[in-house]
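S.K.: Structure provided below as structure tokens; questions to follow.
The values are calculated or read from the model by the stated rules, or taken from the named source; none is laboratory data. Predicted model only: the values in this text are computed from it and were never measured. Here the Cβ is made from the backbone with ideal geometry for all residues, glycine too, and neighbour counts use every protein chain on show. The area values use the complete protein model at the heavy-atom level, side chains included, leaving out ligands, DNA and RNA. Shrake-Rupley method; radii C 1.70, N 1.55, O 1.52, S 1.80 Å.
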Amino acid sequence: MNILQKNVSKIAYTALLLVLFAAGLLLAQYGPFSSNPNGNKATTGYGSLGGDFSLDSAQGKVHLKDFRGQLVVMYFGFTSCPEVCPTALSSVAASMRNLEPEQAQQIQPLFISVDPARDTLENLAAYSAYFHPRMLGLTGPIEELDILVPKYGAYYRHIPLESSALGYTVDHTSRLYVIDQEGKLVTTIAHGTSVEDMTLLFKQYL
Ligand code: NI
């Protein structure tokens with residue numbers, strides 16, 4: 001190879017690298033592996049998480065199947081939670097109030113207590129309705145909650161409190177689980193999401 005040939009092959013090689021790099025960027029942006037947070041319903045990828053369940057409410061047994069055709073917005077918590085649960089549930093209620101009444105009618109908010117020993121069904125119903133009249137308070141035996149909570153990728157833990165009349169507190173995931181009209185978990189909403197963003201997200205799935 002003479003000098004000229006060497007330079008030509010160097011340029012060709014560099015050009016090839018640039019093309020591959022550009023192709024990689026395009027694939028990352030638009031390809032099948034991209035994670036686009038504002039993308040459509042199909043790209044959220046909660047495939048293996050979620051699933052049907054039955055729990056107790058003040059009105060009797062409630063099955064996730066009962067809400068087919070509705071957009072279910074679900075939260076795991078406990079009524080004596082000082083701040084985290086009330087903040088999340090208030091945001092759900094405020095977002096629903098931002099919608100047209102007919103749209104809000106298509107949303108079923110569920111508050112699932114992971115503290116069944118202290119949250120009676122009656123207290124749970126009153127607590128949930130305080131945030132929004134459509135919000136249902138549910139719970140069940142701890143053995144069933146221990147199956148349900150990880151099924152949704154969530155967790156909770158009872159933590160003893162040495163010097164408190166409460167005895168224990170409950171550490172828990174603060175995320176909202178959005179289940180579509182066919183019963184499929186389609187996305188989750190992080191704690192601290194603004195009411196404006198939550199309203200937009202609800203509209204997107206209605
Ligand atoms: Ni809480």
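S.K.: Out of the strands (runs of 3 or more DSSP E) lying entirely within region 1-107, which hold 2 or more residues that are at pLDDT 60 or above and over 19 Å from the mean Cα position of the chain (by Cα)?
M.R.: Per the criteria, 54-57, 60-63.
S.K.: Looking at region 135-157, which of its residues are open to solvent by 40 Å² or more (accessible area, probe 1.4 Å) and closer than 19 Å to residue 184 by Cβ?
M.R.: Answer for region 135-157, where residues must be open to solvent by 40 Å² or more (accessible area, probe 1.4 Å) and closer than 19 Å to residue 184 by Cβ: 147, 150, 151, 153.
S.K.: Among 137, 183, which is on the phi > 0 side of the Ramachandran plot and at pLDDT 95 or above?
M.R.: Testing whether each residue is on the phi > 0 side of the Ramachandran plot and at pLDDT 95 or above leaves just 183.
Residues are listed down the side, and each one gets a yes or a no for (1) of a type outside the set (Val, Ile, Thr); (2) in the same structural domain as residue 182 (by TED's automatic domain parsing); (3) in contact with a Leu (Cβ under 9 Å, 6 or more places away or on another chain); (4) within 25 Å of residue 204 (Cβ to Cβ):
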| site | (1), (2), (3), (4) |
| --- | --- |
| 87 | no, yes, no, yes |
| 91 | yes, yes, yes, yes |
| 94 | yes, yes, no, yes |
| 99 | yes, yes, yes, yes |
| 106 | yes, yes, yes, yes |
| 114 | no, yes, yes, no |
| 127 | yes, yes, yes, no |
| 132 | yes, yes, yes, yes |
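S.K.: Follow-up question, since we're still on this one. Collect the residues in region 158-192 that are over 28 Å from residue 118 (Cβ atoms) and open to solvent by less than 50 Å² (accessible area, probe 1.4 Å), keeping them in residue-number order.
M.R.: 180, 181, 183, 186, 187
S.K.: To continue, here is another question. Hey, can you tell me all the residues within region 80-115 that are open to solvent by 10 Å² or more (accessible area, probe 1.4 Å) and of a type in the set (S, T, N, Q)?
M.R.: 80, 87, 90, 91, 98, 103, 105, 106, 108
S.K.: State which residue pairs qualify: first residue within 9 Å of the ligand (Cβ to nearest atom) and inside region 84-95, second residue open to solvent by less than 10 Å² (accessible area, probe 1.4 Å) in any location, beta carbons under 6 Å apart, and separation of 6 or more residues or different chains.
M.R.: Every condition considered, the pairs that remain are 85/77; 88/75.
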